[in-house]
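The values are calculated or read from the model by the stated rules, or taken from the named source; none is laboratory data. For clarity, every value in this text was computed on a predicted model and none was experimentally measured. With ideal geometry, Cβ positions are generated from the backbone for all residues, glycine too; neighbour counts draw on all protein chains shown. These area figures cover heavy atoms from the full protein model, side chains too; ligands, DNA and RNA do not enter into them. Shrake-Rupley method; radii C 1.70, N 1.55, O 1.52, S 1.80 Å.
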Amino acid sequence: LGYSFVLHALGALLGGTAVTLTIAVLVAVPDDEVAAVYASGCFATISFIAVGARLGLPTSATHGMIGGLAGAGLAAGGVHAVNWGGFDGIHPVGVVGALAVLVLSPVVGLVAGWASRRVAVRALSRGTRRMLGPVRGGIWVSAGAVALSDGTNDGQKAMGVAATTLLATGAIDSFEIPPSVRWSVALVFALGTVVGGGRVVRRVGR
């Protein structure tokens, strides 16, 4: 748990701003409505994840947040309040671009997982018990990489919500992630990962 906590927190602290900017431009509503729209989107995301965790189903905060923000934007300002986007060349933008990547990523993961297993089976077909140590080490490294990337990606979503709301309410003068926001998100995100999701962990592990 401590290993997961540290790496999730580090991912959130060291991550860039690409995902943050995507979240910040998903909806376009007047400044006095930003807080309500983003709060509604976050509530929808939290509800989606909570139900999934309760059922032991692996869920995506990205799916929940994009859907929640798009729905809140529609309710607040209609169709034109949502940045539907698409693709700018090969770069995905807006809701459509993000959803396209979400559809594509499991397919890429499936192919990569299949290929990795094929390579591992061939490489270890004549392995002995002496290989157990390096294999266990590889599991720890790969699990750590997943925790780090999860913190980097999902942490930025919460930072995007916070920074956009702070800018709209005049608390900050330009779009940026204040250190207090980055540290708060890193701590809460890491704690949530460690404390919750036991049923999901068991479901994925089995």
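Observations on the model:
- Here region 130-165 is the region considered, the condition is being of a type in the set (Val, Ile, Thr) and open to solvent by 30 Å² or more (accessible area, probe 1.4 Å), and the residue that is farthest from the chain's Cα centre (by Cα) is Val135.
- Looking across region 176-188, the residues that are touching a residue at least 40 places away in the same chain (Cβ under 8 Å) and crowded, with 16+ Cβ neighbours inside 10 Å come down to Ile177, Arg182, Val185, Ala186.
- Within this structure, Gly64 fails the test of being closer than 29 Å to Arg203 by Cβ and either touching a Cys at 6+ places or on another chain (Cβ under 6 Å) or in contact (Cβ under 8 Å) with a residue 24 or more places away in the chain (or both).
- Gly52 falls short on exactly one of the conditions (1) without any contact (Cβ under 8 Å) to a residue 60 or more places away in the chain; (2) touching a Gly at 6+ places or on another chain (Cβ under 9 Å); (3) over 23 Å from Arg182 (Cα atoms), and that condition is (1).
- Selection of region 189-206 for residues being without any contact (Cβ under 8 Å) to a residue 12 or more places away in the chain and either over 30 Å from Leu55 (Cβ atoms) or open to solvent by 50 Å² or more (accessible area, probe 1.4 Å) (or both) yields Val195, Val201, Gly205, Arg206.
- From the list Gly97, Gly127, the one residue that fits, being out of contact with any His (no Cβ under 7 Å at 6 or more places or on another chain) and crowded, with 18+ Cβ neighbours inside 10 Å, is Gly97.
- Pair list, Cβ under 6 Å, 6 or more apart: region 129-149 residue under 18 Å from Gly2 (Cα atoms), other residue in a helix (DSSP H, G or I) and open to solvent by less than 60 Å² (accessible area, probe 1.4 Å): Gly144/Leu7; Ala147/Ser4; Ala147/Leu7; Ala147/His8; Leu148/Leu7; Leu148/Gly11
- Residue in region 166-186 that is among the aromatic types (Phe, Trp, Tyr), more than 19 Å from Ala9 (Cβ to Cβ), assigned to a helix (DSSP H, G or I) and modelled with pLDDT of 90 or more present: no
To keep it simple, each residue is scored yes or no on (1) over 17 Å from Ala24 (Cα atoms); (2) open to solvent by 50 Å² or more (accessible area, probe 1.4 Å); (3) among the hydrophobic types (A, V, I, L, M, F, W, C).
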site	(1), (2), (3)
Thr62	no, no, no
Met65	no, no, yes
Ala72	no, no, yes
Gly78	yes, no, no
Ala81	no, no, yes
Gly86	no, no, no
Gly89	yes, yes, no
Val103	yes, yes, yes
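- Test result for Ala112, over 22 Å from Gly151 (Cα atoms) and more than 17 Å from the chain's Cα centre (by Cα): no
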